[in-house]
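Down below is the structure, laid out as structure tokens.
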């Protein structure tokens, strides 16, 4: 059980042998029951017979198959983060003091592991917030791409899920979707905001933004898997893109995902040189480019997501 410090309440975080209902409904306040007292005092409690022990909470707790029970604190330095509760696997066996000592050692190791997981999750959240801040800085520089990064991130995660990619890879593609245009920080605003047709020289300058983005991202260790996705998000599946003319599977999958999202958003957003086009036009362009400009399987996954969104809207409109 882990302690929620905001409400001083213990809940079951992981278990074996308990029903889903028990896991979801069991709550103990600070100082309540055996586990609550362990958190309060920081000391292990050994119960020989839970049926006769007044400290044991029966009304809202799980039903144990045996009477012998141990609860030990999960301690990180001087901070209690939860408890480890164990009951004897055999009805007739009663725990001994050596079992308490063994479980205390195990709980200390488990607490350190849990703390490291929490620190890792917090670090990942910090990274994501930093990436989002950088992405919004790009949006602020180019008013025509306002909120583009946030939309790209959402679609990146949905496509990753649709393609059944590992969570770590989905997260990297999210980062790539957020940051794929970060290289535009190094492009003159008069070119980015030009209402008319770009000259060949200006187009060449625009084409530098993936390489600029790669140079910004690559030195950051946690973003190193993202850098190639940013560098190659303007490559075409048939090898006609830039900067290196990669073909098919040579292009990182994350870059192929970003390419589809970026094209869709560019078509359906206002640009300096034209007003936004319809969603249907964007879908037609993606279908037209599937297999040449875009990876067909990524286009297929993305179009399924768009259809799912439309169906959800229709259901919501019908029910409201």
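Structural size metrics of segment 138-265, computed from C-alpha coordinates, are Rg and Dmax of 14.2, 43 Å. Packing, as the average of other Cβ atoms within 10 Å across residues, places the peptides 154-161, 174-181, 78-85 in the order 174-181, 154-161, 78-85, highest first. Neighbour counts of C-beta atoms inside 10 Å place 271, 75 in the sequence 271, 75, starting with the fewest.
Sorting 1, 164, 229 from the fewest to the most surrounding beta carbons within 10 angstrom yields 164, 1, 229.
In segment 232-310, the C-alpha radius of gyration followed by the widest Cα-Cα span (Dmax) gives 12.5, 37 angstrom.
Remark: 173, 283, 217, 251 ranked as 283, 251, 217, 173, counting other beta-carbon atoms within 10 Å and listing the fewest first.
Quick note: the coordinates plus some simple rules give every number you see, no bench work behind them. No experiment lies behind these values; they were computed from the predicted model shown. When we count neighbours, we look across all protein chains shown, and the Cβ atoms used for this are built from the backbone with ideal geometry, even at glycine.
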